[in-house]
Amino acid sequence: MSTRRFLFVLGSARSEGNTELLARRAAEQLPADVEQEWLDLTEHPLPDFEDLRHDEDHVRPSGGSAALLLDATLAATDIVIASPLYWYTLSGQTKRYLDYWSGWLRTPGLDFKATLAGRTLWGVSALAHEEEVVAEPLIGALHNSAAYMGMRFGGVLLGNGSKPGDVLKDTEALTRAKTFFAQEAPLARFPYETE
């Protein structure tokens, strides 16, 4: 892929919430020739994930939200997980989307892992807590997912906000948003791996 294509996966239970506002501020800085696709998981809900790892009936989804999200994921050079910090980790909708990756890994003809290898995973999250260290479980989940998939990891853009629009008062987050997607994203490695 020569042209970058960003997929923004919105995992908030609230439309136009703080996480989405922060993600959109960061996306405004992308060059005009970079394609952007925005998919809201509340508008494209996935059914509960059924773990069929050891079954034989893995088939490519042919319609609905699963097919839409799969196709968008495969087409993206950069996947941005925009999930608020819910109980110190990813939202339920976001976690379900990542659970579907497990099934797509085993779907014949997809080569899901090989396709995503080398591409970049990013995160954006708003939290209603002054200490950003409480977001470590969310950051770790995304970082380790990228490491497992052989992807690059651009980190997580964090902002503070509880009530709608609060994040727009977080001047430090808005400043970081201006250059967030311009930074170099290294190949993700599990914490136990050494170079």
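Restricting the search to the stretch 117-154, which residues are within 13 Å of the chain's Cα centre (by Cα) and aromatic (Phe, Trp, Tyr)? Of everything in the stretch 117-154, those that are within 13 Å of the chain's Cα centre (by Cα) and aromatic (Phe, Trp, Tyr) turn out to be Trp122, Phe153. Checking the structure you have, find out if any residue of the stretch 72-85 is open to solvent by 40 Å² or more (accessible area, probe 1.4 Å), out of contact with any Gly (no Cβ under 6 Å at 6 or more places or on another chain) and of a type outside the set (Gly, Ala, Ser). No, the stretch 72-85 has no match at all. The single condition among (1) assigned to a loop (DSSP other than H, G, I, E, B); (2) at positive phi that Gly155 does not satisfy is (1). With respect to Thr89, is the statement that it is of a type in the set (Val, Ile, Thr), more than 21 Å from Arg25 (Cα to Cα) and open to solvent by less than 40 Å² (accessible area, probe 1.4 Å) true? No; evaluated as a whole, the condition is false for this residue.
Would you check if there is a residue in the stretch 105-114 being open to solvent by 30 Å² or more (accessible area, probe 1.4 Å) and under 16 Å from the mean Cα position of the chain (by Cα)? Yes, because at least one residue in the stretch 105-114 is open to solvent by 30 Å² or more (accessible area, probe 1.4 Å) and under 16 Å from the mean Cα position of the chain (by Cα). Scanning the stretch 112-130 for residues that are of a type outside the set (A, V, I, L, M, F, W, C) and modelled with pLDDT of 95 or more yields Lys113, Thr115, Gly118, Arg119, Thr120, Gly123, Ser125.
Figure legend. Inter-residue proximity from the stretch 50-76: first residues closer than 13 Å to Leu110 by Cβ and modelled with pLDDT under 95, second residues hydroxyl-bearing (Ser, Thr, Tyr) and surrounded by 13 or more Cβ atoms within 10 Å (Cβ to Cβ), beta-carbon distance below 6 Å, spacing 6+ or different chains. Indicated pairs: His58/Thr107; Arg60/Thr107.
Criterion first (of a type outside the set (Val, Ile, Thr) and at pLDDT below 95) does Arg96 satisfy it? Judged against the criteria, Arg96 is not a match.
The values are calculated or read from the model by the stated rules, or taken from the named source; none is laboratory data. Owing to the predicted nature of the structure, the values given are computational and were not obtained by experimental measurement. Cβ sites come from the backbone with ideal geometry, for glycine too, and all protein chains shown count toward neighbours. Ligands, DNA and RNA are stripped out before the accessible areas are found, and what is left, the full protein with its side chains, is counted by its heavy atoms. Shrake-Rupley method; radii C 1.70, N 1.55, O 1.52, S 1.80 Å.
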